[in-house]
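The values are calculated or read from the model by the stated rules, or taken from the named source; none is laboratory data. This is a predicted model, so every value here is computed, not measured. Note that we place each Cβ from the backbone using ideal geometry, even for glycine, and neighbour counts take in every protein chain shown. Surface accessibility is based on the protein's heavy atoms, side chains included, excluding ligands, DNA and RNA. Shrake-Rupley method; radii C 1.70, N 1.55, O 1.52, S 1.80 Å.
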Amino acid sequence: MTMVPAEPYPFEFVPEHCALLIIDMQRDFLEPGGFGEMLGNDVSQLRRTIVPNQTLLAAWRAKHLPVIHTREGHRPDLSDLPPAKKVRGHGKTTIGDPGPMGRILVRGEAGHDIVPELYPRAGEPVIDKPGKGAFFATDLHAILQNLGVTQLVVTGVTTEVCVNTTVREANDRGYDCLVPEDCVGSYFPEFQMMGLKMIAAQGGIFGWVAHSHGILAALEGASR
Ligand code: TIU
């Protein structure tokens, strides 16, 4: 056990029981010309998380600790796409329609896949999730239990949507969650700030917020 400097108080990091959970670092959210940018979003707000995630991922892999990736998306026949999600926003182009990098948020399409900089390696589970939270309608909880995981370092995009939803779901299932602020991103700076504050508020109501530097330092010397 090692202490990681964090808000609202130091996090008791137990590497042998901690997985790195990287949320939805998908081309359609992060790449110029993707669905996110097509909706008018500033993808640079998300792209700044790529290098810090690469560094954290490399450190995790070097210690042979569990890494799990998620992707938000749907079956090609859209049978798992709630009609409410399909029509929300009244967009001209919505989930399942042809987009700049294939059909939007459909499994198997180029835009749905993870950015090359953080591409999963063989042996790292990839959770295909139909919702914002990574636990809803997936086998993530079972996989974590089988690995003996009780703590999660949660990174990825977007801070206030899929990261926050997943941290809340994890919290209700008994996991301790640590969120490195430099490894999560929002299209909206004010939501980035408030999304992090909401996690650590009230004595860590959903978890802890740290900088990845502190986690990297704590990983030194850790082994599984
Ligand atoms: N992964 C994730 O956060 N999905 C979203 O749709 N996020 C938005 O911020 N829209």
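With labels modelled as points extended 7 Å from the Cα through the Cβ direction, what inter-label distance (nm, one decimal) is found for T93 paired with M1?
The answer from the label model is 5.1 nm.
When the C-alpha atoms of the chain are aligned to their principal axes, what extent does each axis show, in angstrom, from largest down?
50, 36, 30 Å, listed from the longest principal axis down.
Using only Cα positions of the stretch 110-162, each an equal point scatterer, no hydration layer, compute I(q)/I(0) via Debye at q = 0.12, 0.16, 0.30 Å⁻¹ and quote the log10 values to two decimals.
-0.32, -0.58, -1.44
Write down the accessible area per residue of the chain in Å², having rolled a 1.4 Å probe over the full set of protein chains.
Numbers: 9870 Å² over 224 residues.
Counting only protein heavy atoms, the per-residue value for the chain is 44 Å².
Which cross-chain or sequence-distant (5 or more) residues have an amide H under 5 Å from the amide H of A134, H modelled 1.01 Å from N in plane?
Placed amide hydrogens put T166 under 5 Å from A134.
Check the straight Cα-Cα distances from K129 and name the lysines below 19 Å, setting aside those fewer than 8 residues away within the same chain.
Within the straight-line limit of under 19 Å, K129 reaches these lysines: K85, K86.
Of the DSSP beta bridges with both residues in the chain, give the percent that are antiparallel, rounding to the nearest 5. Show your work: numbers first, answer last.
Values: 7 of 30 bridges.
Of those bridges, close to 25 percent are antiparallel.
If you plug each phi of the stretch 141-151 into the Karplus form 6.51 cos²θ - 1.76 cosθ + 1.60 with θ = phi - 60°, what whole-Hz ³J(HN,Hα) values come out, in order, with x for Gly and Pro?
4, 5, 4, 5, 5, 5, 8, x, 7, 10, 10
Specify the angular offset, from 0 to 90 degrees and rounded to the nearest 10, of the alpha carbon long axis of helix 189-204 from the longest principal axis of the alpha carbons in the chain.
On a 0 to 90 degree scale, this one is about 40.
Report, by chain and number, residues whose modeled amide H sits under 5 Å from the one on D113, excluding near sequence neighbours (fewer than 5 apart, same chain).
The answer is R27, D28.
Provide the per-residue ³J(HN,Hα) series for the stretch 24-39, in order, calculated from phi with Karplus coefficients 6.51, -1.76, 1.60 and θ = phi - 60°, each as a whole number of Hz, with x at glycine and proline positions.
Values, residue by residue: 6, 7, 9, 4, 5, 8, 10, 8, x, x, x, 4, x, 5, 4, 7 Hz.
Expected output is a single nm value to one decimal: the length gained when fully extending between E117 and E16, i.e. 0.36 nm times separation in residues minus the C-alpha distance. What is it?
Numbers: separation 101, 0.36 × 101 = 36.36 nm, distance 2.54 nm.
Result: 33.8 nm gained on full extension.
Expressed in nm to one decimal, what extension gain is obtained for the pair D80 and E220 from 0.36 nm per residue of sequence separation less their Cα-Cα distance?
Residue separation times 0.36 nm, minus the Cα-Cα distance, leaves 46.2 nm.
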